[in-house]
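Notes for the one structure printed next.
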């Protein structure tokens, strides 16, 4: 499903989108690479789409909890994780597969 145009999300930044009632955070890793995960941080409900990609991890803007964009695992608390979704670029369209 199309969630954004390639030029809509600056490199290193995220965007929150709602798809079929799910809040999803989509991040631009640069060089045509994108990541998508659940849009809410499992720590205290922070908006992950307002976070950043820093040193290869998704960082929540509220408390700095960070998540691996490939696996969804949290480096700070191994009991927390987020669902990640496959993303691909099709022309200028950023597409996320939900299942």
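Quick look at the values:
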read-out	value
Cβ-based exposure ranking for 43, 54, in which fewest neighbours within 10 Å come first	54, 43
Base-10 log of normalised Debye intensity for the range 32-81 (one unit scatterer per alpha-carbon) at q = 0.17 Å⁻¹	-0.40
Order of 66, 93 - criterion: other Cβ atoms within 10 Å of each residue's Cβ, fewest first	93, 66
Against the rule of thumb 2.2 N^0.38 Å, how large the Cα Rg of the chain comes out	0.96
Equivalent ellipsoid semi-axes - Cα gyration tensor, the range 57-99, angstrom	24, 12, 7
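Every read-out reported here was derived from the displayed coordinates using simple, explicitly stated rules and does not represent laboratory data. On a predicted model such as this, the values are computed, not experimentally measured, just so you know. Positions of Cβ are generated from backbone atoms using ideal geometry, with glycine treated the same way; all protein chains shown enter the neighbour counts.
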